[in-house]
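What follows is a single structure, written as structure tokens, with notes after it.
Nothing in this text is a laboratory measurement; each read-out follows from the coordinates by a stated rule. Remember, predicted model here, so these are calculated numbers, not experimental data. Because the Cβ atoms are built from the backbone with ideal geometry, glycine has one as well, and the counts that use them run over all protein chains shown.
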Amino acid sequence: MKDIATPNRTKDILERHGFSFKKSLGQNFLIDTNVLNRIVDFAELGPDTGAIEIGPGIGALTEQLAKRAQKVVAFEIDQRLLPILADTLEPYENVSVIHSDILKADVHEAIRQEFREGQDIMVVANLPYYVTTPILFKLLEDKLPIRGIVAMMQKEVADRLAAAPGTKEYGSLSIAIQYYTEAETVMTVPRTVFVPQPNVDSAVIRLLKRPQPLVQVQDEAFFFEVVRSSFAQRRKTLINNLSNNLGSLSLPKEQLEGILQETGIDPKRRGETLSIAEFGKLSDALYTHKK
Ligand code: SAM
């Protein structure tokens, strides 16, 4: 039998099951086995690795994961795809499909049920583009016992996640992701390898979880508030953004200026020039003034 991710087999599966795409669920299916194999290569799966997939669709990526991982657990929101997946993945005994919105799923519990304690686990997905960042944040903030995530997304989003300080893509999203992971765009993907073709280009990003967050701060929530405030208006200086937007700590502008200077950060710099380590130092310096 041919792989699922070929134009003819995909067309045949869709026709046989009378499936119609739901744009609102970000349904763009991959029809190129080479692209899929490269995605799976980047996940560096061993025969004992467990794979978690989000949004299996008709099983194009699931099939390639099933061939190389010990087991695949896939979360799919669209009930109409369940009988199709039961059909297309029938030859693979190491796949479990869970009918659930990944944003509402108890992934810790699924991991406990489906994998062994201490097993190497990777998340691999061609993500629905309308919820890429909420999904990534859920996976990272839930502090799941995973090695990392290899995910396809809109290229523009991937560029922001992996951006370095001083670039126009660098912002609070880059910092939040890089706080938890080492982020790298590993591949760009043309729109021609999907049905239907999306109207944006795509990229695959690899996020490898850091053993410790990139900076050790006194208060994580406050650190993220400082970061978000610093980027509230990109064209404004750090001092202006902090004095206008730092809701949980209101200090006179002069005092804020003094704290920035003591920390060795020029108040006239823009947020986009600060490294994550500098944001850590700044957040801790400001935190000492919180009651
Ligand atoms: N993995 C397949 C492939 O590569 O061909 C399909 C990828 S398609 C871009 C995204 C998939 O995610 C669709 O199957 C869609 O139904 C599913 N999906 C959308 N929102 C979801 C959610 N919140 N939770 C779980 N699956 C979701």
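Details
- Here the peptides 160-168, 62-70 are ranked by packing, the mean other Cβ count within 10 Å, and the order with the highest first is 62-70, 160-168.
- Taking the centroid of alpha carbons for each part, the range 119-158 and the range 62-110 are 16 Å apart.
- Cα gyration tensor shape of the range 85-131, rounded if a/c is under 1.5, else prolate or oblate by comparing a/b with b/c: oblate
- Cα principal axis extents for the chain, largest first, Å: 70, 41, 29
- For the chain, a Gaussian network of Cα nodes joined below 10 Å ranks 117, 53, 184 by mean-square fluctuation, and the top entry is 117.
- Which of 153, 187 has the fewest Cβ neighbours within 10 Å, and the rest in rising order: 187, 153
- GNM top mover of 250, 100, 230 - the chain, alpha-carbon springs below 10 Å: 250
- Taken one residue at a time, the phi angles of the range 187-201 give Karplus couplings (6.51, -1.76, 1.60, θ = phi - 60°) of 6, 9, 10, x, 5, 5, 8, 10, 10, x, 6, x, 9, 9, 7 Hz. Gly and Pro are set to x.
- Pairs from the list 2/138; 209/253; 155/209; 155/290; 22/168; 2/71 with a Cα-Cα gap above 31 Å: 2/138; 209/253; 155/290; 22/168.
- Using the Cβ-Cβ distance between residue 90 and residue 216 with R0 set to 45 Å, the FRET efficiency works out to roughly 0.40.
- Once you reduce the range 198-260 and the range 171-197 to the center of their Cα atoms, the two points are 20 Å from each other.
- Net charge in the neighbourhood of residue 263 (other residues with Cβ under 13 Å of its Cβ; Lys, Arg +1, Asp, Glu -1) is -3.
- Calculated SAXS-style log₁₀ I(q)/I(0) at q = 0.20 Å⁻¹ - the range 133-238, Debye, Cα scatterers: -1.10
- Of 24, 70, 259, farthest towards positive along the dipole that unit charges on Lys, Arg, Asp, Glu beta carbons give the chain: 259
- Sites residue 269 and residue 208 - FRET efficiency at Förster radius 30 Å, r taken between beta-carbons, to 0.05: 0.50
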